[in-house]
1. When both residues are 6+ apart or on different chains and their Cβ atoms are under 6 Å apart, which pairs have a first residue that lies in region 10-23 and is without any contact (Cβ under 8 Å) to a residue 60 or more places away in the chain and in the same structural domain as V95 (by TED's automatic domain parsing), and a second that is assigned to a loop (DSSP other than H, G, I, E, B) and buried (at least 20 other Cβ atoms within 10 Å of the Cβ)?
2. Which numbered condition trips up G397, out of (1) surrounded by fewer than 24 Cβ atoms within 10 Å (Cβ to Cβ); (2) modelled with pLDDT of 95 or more?
3. Would you check if D275 is surrounded by 12 or more Cβ atoms within 10 Å (Cβ to Cβ), within 20 Å of E247 (Cα to Cα) and in contact (Cβ under 8 Å) with a residue 24 or more places away in the chain?
4. From E125, E143, which residue is under 21 Å from M187 (Cβ atoms) and charged (D, E, K, R)?
5. Scan region 71-115 for residues that are small (G, A, S), at positive phi and surrounded by fewer than 24 Cβ atoms within 10 Å (Cβ to Cβ) and jot them down.
6. Confirm whether S311 is crowded, with 17+ Cβ neighbours inside 10 Å, outside any loop (DSSP other than H, G, I, E, B) and free of Cβ contacts under 8 Å to residues at least 60 places away in the same chain.
7. Would you please name the residue that is surrounded by the most Cβ atoms within 10 Å (Cβ to Cβ), looking only at residues in region 1-49 that are assigned to a helix (DSSP H, G or I) and of a type in the set (D, E, K, R)?
Amino acid sequence: MFDTVKAIAGFTRHASVSADPEAREGMEGAVKYLSALLRDNTGCEVEVVQTAGHPVVLGRRRGKPEWPHIVIYGHYDVQPPDPLDEWTSEPFEPVVRDGVMYGRGTSDDKGPMMVHIAALANVLERRPDLPLRITFMIEGEEEIGSPSLAAVMKARTDSLRGDFLLMSDTTSVGIDDESITTGLRGMSALEVRLKGPGQDLHSGFHGGSVMNPIRALAALCASLHDADGRVNIPGFYDDVVPPADWEREELARLNRDPEDYRKLLGVPELCPPPDYDVFESRCFGPTLEFNGITGGYQGPGSKTIIPARASVKISCRLVPDQKADRILELVEKTLRERCPRGVTMEIERQHGGDPYVVLPPHKSGEAIGTPKAVAFKAADEAIREVFGSAPHYLREGGSVPVLSDIRRILGMDALMLAVALPDCNMHSPNENMDLLMIERCTKVSERILEAVAGTRG
């Protein structure tokens with residue numbers, strides 16, 4: 001039987017931070033580790049596709065053309081581990097405490113991705129002649145916006161196009177309440193830089209004569225929301241489509257307590273915008289957030305200057321039918337119109353992608369015998385059996401921008417089996433993965449593979 005815990009731990013030890021040019025060794029190590037894992041445990045033919053950035057690992061289990069074809073997506077890159085002093089153990093030396101593995105990448109996405117590798121290895125041990133074609137498509141740039149994967153898909157469209165996509169890069173409700181994710185928000189990101197004087201100035205000699213770039217930036221940022229928290233950009237909400245009634249009902253079925261959520265986050269008060277309650281705003285509502293702001297002296301003590309520069313990183317989370325490029329245009333236009341006098345502005349557009357929603361077959365009326373419909377039905381039945389309750393069909397607030405590219409280029413929709421938990425600290429110190437969730441979701445994935453192959457039972 002495939003040792004999933006050992007495999008996740010070994011994978012996590014590779015510091016595969018795609019955003020860090022100094023992490024080349026970790027990226028290369030992750031590719032080699034993953035390639036060997038696929039070859040040795042699933043018999044897949046492995047191709048490492050070089051790109052302008054980090055490689056894409058393709059693992060193929062070939063078979064007869066009439067066999068169903070599942071494409072399994074994942075990513076081997078992870079977020080930077082900073083701030084290091086907030087970790088209780090080394091981020092790339094995984095440790096298990098009370099059934100939970102801690103380490104960068106354990107829940108995003110090395111642990112969840114390993115669920116499907118383990119599932120295939122376990123099924124093939126029982127049934128080596130499984131009539132099912134599988135392609136693993138595992139990239140190394142998801143955390144920086146997947147800039148290279150679209151070109152790989154375009155160059156290999158025929159071989160990568162399957163009946164549907166299977167992935168696990170989303171979050172479940174809880175350890176006993178599994179979710180099938182039905183949508184993810186899109187994203188637009190940019191950085192705004194303001195420049196004032198040619199160099200830092202003495203605030204006593206020159207204060208009052210020039211515009212302080214920090215003051216200008218603060219005024220600009222404050223203008224982007226109204227008093228109720230709505231985004232104050234003309235046209236921002238024009239294309240927003242409200243969620244379907246069944247989606248609101250499914251979310252309400254969780255019966256979660258906003259006060260518990262407030263305590264979990266450690267905030268004094270929750271501040272959802274109009275039109276959405278606290279939980280609806282996380283998945284059905286669009287946002288504009290400030291992710292980082294910089295300007296002036298930030299060392300110990302004081303330094304009485306008027307800084308030469310200030311900057312802010314901004315990201316927008318988008319919902320159907322907003323388009324990432326359109327939102328960038330609206331935000332940039334508004335920023336330029338509102339730029340205070342006395343400073344110049346530079347805007348750098350960054351990665352993004354459109355929102356993604358997939359209707360479960362029982363909501364869309366899709367023919368029940370298609371591989372995708374069989375997979376959704378098998379997942380539903382397996383979750384009821386393994387978790388002891390029906391799955392929740394929920395949209396999620398995060399983004400996997402490449403899903404829109406996969407739909408556009410390969411024509412596939414996704415079955416998103418949620419594996420990570422709400423308190424797994426994705427992108428934060430002490431990222432972790434509950435190993436019971438790994439075990440349960442592996443069983444569900446096995447049932448999906450067997451059902452699509454038509455061999456279950």
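The values are calculated or read from the model by the stated rules, or taken from the named source; none is laboratory data. Remember, predicted model here, so these are calculated numbers, not experimental data. Positions of Cβ are backbone-derived with ideal geometry, glycine not excepted, and every protein chain shown enters the neighbour counts.
1. A23/A15
2. It is condition (2) that G397 fails.
3. Values: surrounded by 12 or more Cβ atoms within 10 Å (Cβ to Cβ): yes; within 20 Å of E247 (Cα to Cα): yes; in contact (Cβ under 8 Å) with a residue 24 or more places away in the chain: no.
When the stated conditions are applied, D275 does not pass them.
4. Numbers: E125 fails: under 21 Å from M187 (Cβ atoms).
Exactly one of E125, E143 is under 21 Å from M187 (Cβ atoms) and charged (D, E, K, R), namely E143.
5. Within region 71-115, the first condition is being small (G, A, S), and the residues that meet it are 74, 89, 99, 103, 105, 107, 111.
Remaining after also requiring at positive phi: 99, 103, 105.
Selection gives G99 alone.
6. Numbers: crowded, with 17+ Cβ neighbours inside 10 Å: yes; outside any loop (DSSP other than H, G, I, E, B): yes; free of Cβ contacts under 8 Å to residues at least 60 places away in the same chain: no.
Here the answer is no, as S311 does not meet what is asked.
7. For region 1-49, the residue satisfying everything is E28.
Residue by residue, here is whether (1) over 18 Å from P112 (Cβ atoms); (2) crowded, with 16+ Cβ neighbours inside 10 Å holds:
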residue: G162; (1), (2): yes, yes
residue: L165; (1), (2): no, yes
residue: V173; (1), (2): no, yes
residue: D177; (1), (2): no, yes
residue: I180; (1), (2): no, yes
residue: L184; (1), (2): no, yes
residue: L190; (1), (2): yes, yes
residue: F205; (1), (2): yes, no
residue: S209; (1), (2): yes, no
